[in-house]
Amino acid sequence: MIEISHVNKWYSPTFQVLTDCTTNVTKGEVVVVCGPSGSGKSTLIKCVNALEPFQSGDILVDGTKVNDPKTDLPKLRSRVGMVFQHFELFPHLKIIDNLCLAQEKVLGRGHDKAQAKGMQLLERVGLKEQAQKFPAQLSGGQQQRVAIARALAMDPIVMLFDEPTSALDPEMVSEVLDVMVDLAREGMTMMVVTHEMGFARKVANRVIFMDRGEIVEDAAKDDFFGKPRSDRAQKFLSKILSH
Amino acid sequence: MLGNLDFDVIRRALPYLFYEGMTFTLTLTFLAALGGLIFGTALALMRLSGFKILGRIAGIYVDFMRSLPLVLVIFWFYFLVPYIGQWVTGASRPISVGAFTSSLVTFIMFEAAYFSEIMRAGIQSISRGQPAAASALGLTYAQSMRYVVLPQAFRNMLPVLITQTIVLFQDTSLVYVLSITDFLGAASKVAQRDGRLVEMYLFAAVVYFTISCIASYGVRRLQARIAIIR
Amino acid sequence: MNYNWNWGIFFQPNPMGTGTYLDMLLSGLALTLKTAALAWVIALITGSIVGVMRTLPSKGANWFGFAYVEFFRNMPLLVQLFLWFFVLPEILPRAAGLWLKQLPNAPFWTAAIGVGFFMSARVAVQLQAGISSLPRGQKMAATALGLTTVQGYRYVLLPMAFRIILPPLTSEFLNTIKNTAVAITIGLLELTGQARSMQEFSFQVFEAFTAATILYLLVNAVVVTAMRFLERWVAIPGYITGK
């Protein structure tokens with residue numbers, strides 16, 4: 001589904017953020033990407049739907065090369081759902097309109113059909129009653145669930161999560177993770193940048209550990225948590241699991 | 001069309017344009033900026049002082065000036081200043097004041113309203129701890145303003161103050177409505193005399209543009225330097 | 001003050017035979033408002049286009065936006081009006097120049113266009129600041145949903161940016177009204193112009209200018225009140241502007 005091969009990215013000639021990153025996510029797989037801050041994990045996931053450009057290497061999503069100038073990026077992006085750290089709901093639109101905007105303007109769905117789809121997804125994330133409210137009237141956890149529903153409304157073939165819980169107050173983390181766990185169990189292909197190792201243990205198939213722009217470890221979940229091969233991953237794990 | 005333009009008319013008029021016109025414009029700009037800044041700072045201090053009435057008066061003055069077109073204010077003072085002069089000097093009839101004095105009074109009074117808003121923002125941007133620290137050291141209110149708050153406010157606001165002065169420099173061209181020989185007035189007089197409007201107005205535009213551009217480039221450089229120091 | 005006050009002057013007939021002096025001033029006010037309205041339309045449209053250009057990733061668009069703003073901001077409005085009024089007809093091809101010179105209401109059109117373009121540079125600067133103040137993630141979220149750049153601006157960035165810059169736009173609109181007074185120099189008989197002619201005909205300097213002053217203050221008050229209502233009307237529930 002996602003094939004990343006030998007991706008290199010520089011912010012400036014002397015500052016390389018991604019070094020020779022190679023991995024893939026197959027259909028139905030849940031891959032968790034972790035690593036210390038500044039390790040390039042967010043940058044990598046943003047390269048997948050070309051929100052960030054990269055200088056060399058290739059990324060294919062469902063067989064389409066994202067770094068090919070001929071690729072219809074809006075079309076490709078509409079099939080890749082993305083959830084951001086800071087939710088990024090559109091503050092001037094009601095919740096339901098946040099879900100309908102791209103359905104109507106990108107997929108060309110009729111208003112009624114988009115509304116129906118939106119309401120169905122809001123019900124699924126447990127926020128049907130909030131449909132007519134504005135984003136600023138919701139809690140962070142609720143906003144993030146809306147953001148997930150907004151991405152799902154596009155019927156994506158894969159979902160990307162960029163630290164979806166790290167801007168949330170602790171008591172709201174689980175309501176978002178629950179939605180993500182359900183999604184994973186239904187067989188959604190997911191690439192998730194997160195520090196939530198509980199989530200990784202529960203549903204991940206593979207865990208990728210990144211540090212200083214490199215993929216240091218790329219292992220099946222049990223192998224990763226059982227016996228991480230690299231020192232850096234071991235250190236990271238001991239820090240993050242010690243509390 | 002551009003073909004039959006006579007740019008020599010500009011060269012011949014240069015001494016007049018710059019010695020008379022530009023000297024007037026720059027002197028007016030400089031003195032009005034200075035006066036406007038002093039009066040404007042006073043207005044800002046009045047607004048921020050604890051005295052409600054003082055603050056009210058200053059606020060009304062600033063809002064009033066900012067609601068009126070500069071052209072109208074220029075007319076107002078042009079007719080008013082002789083009467084003010086009579087009142088101040090106790091003369092028996094309105095005294096005649098020169099074009100320069102009249103314009104200078106106008107621009108100081110008008111710009112003070114704008115400078116006062118800038119200085120007010122500058123003073124408010126200083127953290128409350130600063131005057132508190134100053135009074136803890138035993139400085140009086142006036143001393144803490146004079147030595148602690150105002151210097152910082154002034155430095156923080158320097159780029160905005162200069163930008164406002166560039167606007168003022170351009171606005172002085174409006175004394176044209178009183179037929180005064182500022183830079184544009186001089187250009188206009190030559191233009192009418194020689195029937196060379198296109199050449200003279202294009203030249204005036206280029207001169208204003210060049211000076212303002214260089215000054216605003218300087219402001220951007222200054223802002224970049226201040227940003228680094230912070 | 002040895003000045004002969006005569007407040008009854010407003011109800012005496014003016015020498016043009018167009019009613020009283022008060023009628024004269026009111027017709028000036030009407031022309032001020034008409035000129036300002038047209039100028040504001042021009043300023044909003046061109047200013048918005050230029051403001052958007054300054055926020056685009058394209059270097060060319062950026063440079064154009066920068067040059068545009070510098071061009072209109074670094075020349076006195078009066079000089080710009082002279083360029084439109086005296087210079088433009090001369091440097092155009094003969095036929096076009098002649099047509100321009102014979103245009104009825106030339107001072108009105110020149111004033112509206114001249115003030116409009118002058119103000120457009122300020123609108124552009126405000127809009128650019130408004131767009132830049134939005135979180136970077138908003139644009140990313142729009143892009144990730146498959147919205148094109150145009151759609152992203154139309155449905156996501158501009159609705160928010162305009163709400164944010166509504167207060168500074170109010171002052172720019174007031175500046176537009178005030179700036180039409182500069183057109184007295186090209187013979188536009190707007191409010192200040194009519195007050196000036198009233199003074200020349202009747203010698204009642206202070207009555208004429210007092211009346212004009214009051215009318216400007218009234219216009220200001222009306223605009224400010226109207227904009228307050230507009231601000232309240234477009235306010236987003238729960239969203240605190242300025243964060």
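Using a 1.4 angstrom probe on protein heavy atoms only, the contact between C and A buries about 2000 square angstrom of accessible area, both sides summed.
For the cross-link pairs A:41/A:128; A:41/A:65; A:9/A:70; A:27/A:235, the ones whose C-alpha atoms lie over 27 Å apart are A:41/A:128; A:27/A:235. Please report Rg over Rh for the stretch B:1-46, where both radii come from the alpha carbon positions and Rh follows the Kirkwood definition. So for the stretch B:1-46, dividing Rg by the Kirkwood Rh gives 1.39.
Across all C-alpha atoms in the stretch C:118-189, the radius of gyration and Dmax reach 16.6, 54 Å.
Taking the Cα centre of the protein assembly as shown as reference, the dipole from Cβ charges on Lys and Arg (+1) and Asp and Glu (-1) amounts to some 560 debye. Once the 1.4 Å probe is applied to the protein heavy atoms, chain B comes out at 51 Å² accessible per residue. Solvent-accessible area assigned to carbon and sulfur over the stretch C:21-234 amounts to 71 percent, based on a 1.4 Å probe.
For chain B, which whole percent of the accessible surface, found with a 1.4 angstrom probe, sits on carbon and sulfur atoms? Walk me through the intermediate numbers first.
Details: 7700 of 11690 Å².
Solvent-exposed carbon and sulfur of chain B make up 66 percent of the total.
In this structure chain A gives 43 Å² per residue of accessible area when probed at 1.4 Å with all protein chains present. For residue C:20, the amide hydrogen comes within under 5 Å of the amide hydrogens of C:14, counting only partners 5 or more places away or on other chains and with H modelled in the peptide plane. Remark: mean inter-chain Cβ contacts per residue of A:88-100 equal 4, using a 10 Å Cβ-Cβ cutoff to other protein chain atoms. Residue-normalised convex hull volume from the C-alpha trace of chain A: 126 Å³ per residue. Of the DSSP H helices in chain B, those with a Cα length along their own long axis of 15 Å or more and a mean Kyte-Doolittle hydropathy reaching 1.0 comprise B:23-48, B:70-89, B:197-229.
In the stretch C:201-217, the residues that give up 10 Å² or more of accessible area when the other protein chains are added, compared with the chain on its own (1.4 Å probe), are C:205, C:206, C:209, C:210, C:213, C:216, C:217. This model, with +1 at the C-beta of Lys and Arg and -1 at the C-beta of Asp and Glu, gives the stretch C:118-243 a dipole about its Cα centre of some 700 debye.
If chain B were replaced by its equivalent ellipsoid, with semi-axes equal to the square roots of 5 times the Cα gyration tensor eigenvalues, what would those be, largest first, whole Å?
Semi-axes, largest first: 38, 25, 13 Å.
Counting helices only, and only those DSSP H runs with n ≥ 4, report the 222 nm mean residue ellipticity of chain B as the sum of -39,500 (n - 2.57) divided by its residues, in deg cm²/dmol to the nearest 500. Calculated from helices alone, the mean residue ellipticity at 222 nm is -26000 deg cm²/dmol.
Scattering from the stretch C:21-234 was approximated by placing one identical point on each alpha carbon and applying the Debye formula without solvent; log10 I(q)/I(0) at 0.12, 0.15 1/Å stands at -0.73, -1.01. Expressed as a whole percent, the proportion of Cα-Cα pairs in the protein assembly as shown lying more than 38 Å apart is 52%. Placing unit charges on the Cβ atoms of the charged side chains and taking the dipole of the protein assembly as shown about its Cα centre, the candidate lying farthest along the positive direction among A:55, A:125, A:141 is A:141. Dipole check for the stretch C:21-234: with +1 at the C-beta of Lys and Arg, -1 at the C-beta of Asp and Glu, and the Cα centre as origin, the magnitude is about 840 Debye. I'd like to know which of B:147, B:80, B:215 lies farthest towards the positive end of the charge dipole of the stretch B:2-226, counting +1 on Cβ of Lys and Arg and -1 on Cβ of Asp and Glu. So the residue furthest toward the plus end is B:147. Interface of C with B. Using a 1.4 Å probe and counting protein heavy atoms only, the two chains hide about 3400 Å² of accessible surface, both sides summed.
For the pair residue A:137 and residue C:132, a Förster radius of 41 Å applied to the C-beta separation gives a FRET efficiency near 0.95, rounded to the nearest 0.05. When chain C is treated as a Gaussian network with alpha carbon springs shorter than 10 Å, the biggest mean-square fluctuation among C:50, C:41, C:222 belongs to C:222. If both residues of a DSSP beta bridge must be in the protein assembly as shown, then about 55% of such bridges are antiparallel. Globularity index of the stretch A:1-120 is 1.22 (Cα radius of gyration / 2.2 N^0.38 Å, N = number of residues).
Of all complete DSSP H helices in chain C, those with a Cα span along the helix axis of 18 Å or greater and a mean Kyte-Doolittle hydropathy of 1.6 or more are C:21-53.
Scanning residues 5 or more positions from residue A:54 or on other chains, none has an amide H under 5 Å from its amide H, with H placed 1.01 Å from N in the peptide plane.
Per residue, the accessible area of the stretch C:21-234 comes to 41 Å² when a 1.4 Å probe rolls over the protein heavy atoms. A cut-off of 5 Å between modelled amide H atoms, ignoring neighbours fewer than 5 places along the same chain, links residue A:192 with A:31, A:32, A:33, A:161. Here the translational diffusion coefficient of the stretch A:58-166 follows from Stokes-Einstein with Rh set to the Kirkwood radius across Cα pairs; for 37 °C and 0.692 mPa s it amounts to 228 µm²/s. With 30 Å² as the minimum drop in accessible area between chain alone and full protein complex (1.4 Å probe), the qualifying residues in the stretch C:73-116 are C:74, C:75, C:76, C:78, C:79, C:82, C:83, C:86, C:87, C:90, C:91. Compare B:182, B:194, B:171 in a GNM of chain B, Cα atoms joined below 10 Å, and give the one with the largest fluctuation. Residue with maximal mean-square fluctuation among B:182, B:194, B:171: B:194.
Of all accessible surface on the stretch A:87-156 at a 1.4 Å probe, what whole percent is carbon and sulfur? C and S fraction of accessible area: 44 percent. Relative to the current alpha-carbon distance between residue B:14 and residue B:214, full extension at 0.36 nm per residue lengthens the span by 69.9 nm. Counting, for every residue in A:146-152, the Cβ atoms of other protein chains within 10 Å of its Cβ and taking the mean gives 1.
Evaluate the stretch B:53-158: find the radius of gyration of its Cα atoms, find its Kirkwood radius, and give the ratio Rg to Rh.
Values: Rg = 18.4 Å, Rh = 16.3 Å.
Expressed as Rg/Rh, it is 1.13.
The values are calculated or read from the model by the stated rules, or taken from the named source; none is laboratory data. Given the structure is predicted, the values throughout are model-derived calculations rather than measurements. Neighbour counts are summed over all protein chains in view; Cβ atoms, including those assigned to glycine, are modelled from backbone coordinates with ideal geometry. Heads up: the accessible areas ignore ligands, DNA and RNA and are worked out on the full protein's heavy atoms, side chains in. Shrake-Rupley method; radii C 1.70, N 1.55, O 1.52, S 1.80 Å.
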